[in-house]
1. Quickly run through the stretch 57-101 and pick out the residues that are of a type in the set (Phe, Trp, Tyr) and in a helix (DSSP H, G or I).
2. Can you tell me which residue within the stretch 1-60, out of those that are of a type in the set (Asp, Glu) and at pLDDT 80 or above, is farthest from residue 75 (Cα to Cα)?
3. Could you list all residues from the stretch 114-123 that are surrounded by 12 or more Cβ atoms within 10 Å (Cβ to Cβ) and of a type in the set (Asp, Glu)?
4. When you check residue 60 against the structure, is it among the hydrophobic types (A, V, I, L, M, F, W, C), open to solvent by less than 20 Å² (accessible area, probe 1.4 Å) and over 23 Å from residue 28 (Cβ atoms), yes or no?
5. When you go through (1) more than 11 Å from residue 21 (Cβ to Cβ); (2) of a type in the set (Ser, Thr, Tyr); (3) modelled with pLDDT of 90 or more one by one for residue 68, which number turns out not to apply?
6. Would you mind stating whether residue 132 is in contact (Cβ under 8 Å) with a residue 40 or more places away in the chain and open to solvent by 70 Å² or more (accessible area, probe 1.4 Å)?
7. Considering only residues of the stretch 73-92 that are farther than 19 Å from residue 46 by Cα and open to solvent by 60 Å² or more (accessible area, probe 1.4 Å), which is nearest to the chain's Cα centre (by Cα)?
8. Report, by residue number, each residue of the stretch 96-109 that is under 16 Å from residue 61 (Cα atoms) and over 19 Å from the mean Cα position of the chain (by Cα).
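The values are calculated or read from the model by the stated rules, or taken from the named source; none is laboratory data. Note that the structure is predicted; figures quoted are calculated from it, not measured. Here the Cβ is made from the backbone with ideal geometry for all residues, glycine too, and neighbour counts use every protein chain on show. For the accessible areas, the whole protein counts, side chains as well, though only heavy atoms, and no ligand, DNA or RNA atoms are used. Shrake-Rupley method; radii C 1.70, N 1.55, O 1.52, S 1.80 Å.
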Amino acid sequence: MIVDNTADRLQRWDDRRHLARAFLCRLALATGESRWVDLARRYQAFSMAATPRPAQVPGFCKSSWGSSLLYELTGEDVHRDWTMAMGDWYVATASPAGFWHPWLERTDSDRIWITLEYVMHLDTLIAALASRP
């Protein structure tokens, strides 16, 4: 699968980069080796350099996972700012009843799983932001 972060078209962003960022951040914590943080930054930069369109397509929410873990590790403003912007996106896209609708909603369970995922991401964002004064 190829994702073009400059293309204004529907794409699947929930690919291995997101898992790689999280894994690399945790690996850096476990080993103390900065090279893993550097590689995670490169993966994160791909999402952060994207057009505004990706924030409207499936899987882009996981970009907040990477930015929050990187902010927790580095304290860098760029990752804090992205984490905050993604937090604002979660709040803005929630329904008035406090849940989220998935991109394709076939059953009630679809709404439940996306809400659980977004709550997990928000928890990660809050923890990262609270980790620094």
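1. In the first step, residues of the stretch 57-101 are kept if they are of a type in the set (Phe, Trp, Tyr); the result is 60, 65, 71, 82, 89-90, 99-100.
Within the stretch 57-101, 60, 65, 71, 82, 89, 90 qualify.
2. Kept after step one, since they are of a type in the set (Asp, Glu), are these residues of the stretch 1-60: 4, 8, 14-15, 33, 38.
Remaining after also requiring at pLDDT 80 or above: 33, 38.
Numbers: 33: 16, 38: 14 Å.
The residue in question is 33.
3. Answer for the stretch 114-123, where residues must be surrounded by 12 or more Cβ atoms within 10 Å (Cβ to Cβ) and of a type in the set (Asp, Glu): just 117.
4. Values: among the hydrophobic types (A, V, I, L, M, F, W, C): yes; open to solvent by less than 20 Å² (accessible area, probe 1.4 Å): yes; over 23 Å from residue 28 (Cβ atoms): yes.
Criteria met by residue 60.
5. (1)
6. Working: in contact (Cβ under 8 Å) with a residue 40 or more places away in the chain: yes; open to solvent by 70 Å² or more (accessible area, probe 1.4 Å): yes.
Yes, satisfied.
7. Step by step, filter the stretch 73-92, then rank; the result is 88.
8. If we filter the stretch 96-109 for residues that are under 16 Å from residue 61 (Cα atoms), which is where we start, we get 99-104.
Hit for the stretch 96-109 is 104, nothing else.
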